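Since the structure comes first, as structure tokens, the remarks are kept for the end.
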Amino acid sequence: MSTSTSSTVVGNGTFRVGRRCGEGSFGVVYEGTNITNGQPVALKFEPRKSDSPQLRDEFRSYRMLSGMPGFPQVYYFGQEGLHNVLILDLLGPNLEDLFDLCSRKFSIKTVCMLAKQMVTLLHARCLQITRVQAIHEKSLIYRDIKPDNFLIGLPNTKLANVVHMVDFGMAKAYRDPRTRVHIPYREKKSLSGTARYMSINTHLHQSRRDDLESLGHVLVYFLRGSLPWQGLKAQTNKQKYEKIGQKKQDTQILDLCEGFPQEVAFYLSYARRLGFEETPDYDYMRELFTKMLVDQKIEEDGVFDWMLLNAGKGYDVSLVGNLGVPRLRD
């Protein structure tokens with residue numbers, strides 16, 4: 001699909017394609033509108049003859065998570081001409097873009113509120129560990145935890161500061177959903193995910209512990225502004241991944257988390273100690289961030305750093321690029 005005009009309609013005549021917003025190695029993303037109710041949507045296109053089609057599997061993952069807070073609603077998957085198309089909720093900016101707007105540092109308060117699970121049915125704020133736990137409960141592991149894949153809702157809506165997980169192109173089952181028998185442990189697996197946030201064990205067969213360790217790396221990244229293994233150079237990607245992996249192993253957790261409350265190190269240590277098939281204690285991890293807020297005498301009021309920009313008016317929509325577009329993975 002090379003161009004888009006307001007006259008292009010897909011999804012059984014229900015969705016009008018708008019402007020092109022982003023692209024990656026497998027396809028293109030457009031903004032669009034549900035003709036029947038005016039609701040904004042995102043439309044992801046990939047060639048039907050793609051060597052590694054992803055949208056069908058992504059659609060199945062969204063269907064499994066349907067109705068759960070913190071995941072976009074999916075409205076359609078099908079074929080349109082030479083393309084597969086997936087249509088889902090249009091969302092706001094991702095956490096990497098918001099991080100940039102906040103001068104590449106988040107406060108302890110914002111990091112804790114991003115990390116904690118809120119009481120889903122009673123509050124409009126239900127954040128990252130909730131998301132990861134929900135995915136795991138559906139027998140899936142995400143395998144690509146990174147700030148770019150967490151988006152807040154559209155501005156000036158009731159979901160404006162609710163964090164959503166998007167882009168399930170790399171998700172896979174870690175156990176049989178019917179028998180709940182865990183996959184066997186195997187070594188020498190190919191790498192999956194974004195090297196900066198990968199767990200130390202990613203070169204082995206991945207399980208729930210690896211999602212949680214990757215999330216820990218993201219939280220430390222938000223606090224520090226960068227990670228010690230960023231910017232490493234090598235002649236090949238394989239050599240670069242090896243250097244990154246070695247640097248992670250050589251970096252002591254206490255050094256990585258120096259200058260921050262001890263609960264940050266406790267979280268990462270716990271995630272790394274988990275066994276391959278071990279069920280994580282999500283309550284324990286959430287309580288670490290509750291304790292951090294209490295010890296720091298920080299009120300958990302739902303006010304994130306990006307809401308304080310521009311003298312309390314919030315972030316400037318014009319500065320966050322392709323608003324509402326789940327980023328495509330290159």
> Length gain on complete extension for the stretch H182 to L308, per 0.36 nm per residue less the alpha carbon to alpha carbon distance?
Replying inline: 40.9 nm
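Past 27 Å, Cα to Cα, is the threshold; run K49/K243; K44/K105; K116/K146; K44/K146; K49/K138 against it and keep the listed order.
Numbers: K49/K243 35 Å; K44/K105 31 Å; K116/K146 16 Å; K44/K146 20 Å; K49/K138 29 Å.
Those over the limit are K49/K243; K44/K105; K49/K138.
In deg cm²/dmol, rounded to 500, what helix-only [θ] at 222 nm does the chain give when every DSSP H run of at least 4 residues adds -39500 (n - 2.57) and the total is split over its residues? Don't jump to the answer; show the numbers that get you there.
Working: 10 runs with 100 residues, N = 330.
Calculated mean residue ellipticity at 222 nm is -9000 deg cm²/dmol.
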>> Using the basic label-point model (7 angstrom from Cα toward the beta carbon), what is the K297 to Y284 distance in nanometres?
In response: 3.1 nm
> Looking only at GluC sites (Glu not before Pro) in DSSP loops with at most 10 other Cβ atoms within 10 Å, what is the longest site-free stretch of the chain?
Replying inline: 1-186
> If R0 is 45 Å, what FRET efficiency do you get for N237 and Q262 from their C-beta distance, rounded to 0.05?
Replying inline: 0.80
>> Taking 51 Å as R0, compute the FRET efficiency from the Cβ-Cβ separation of Q39 and E277 and round it to 0.05.
In response: 0.75
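Every number here is computed from the coordinates shown, using simple stated rules; none is lab data. All figures in this text were calculated on a predicted structure; none of them were measured in a lab. FYI the Cβ positions are ideal-geometry reconstructions off the backbone, even for glycines, and counts take in every protein chain you see.
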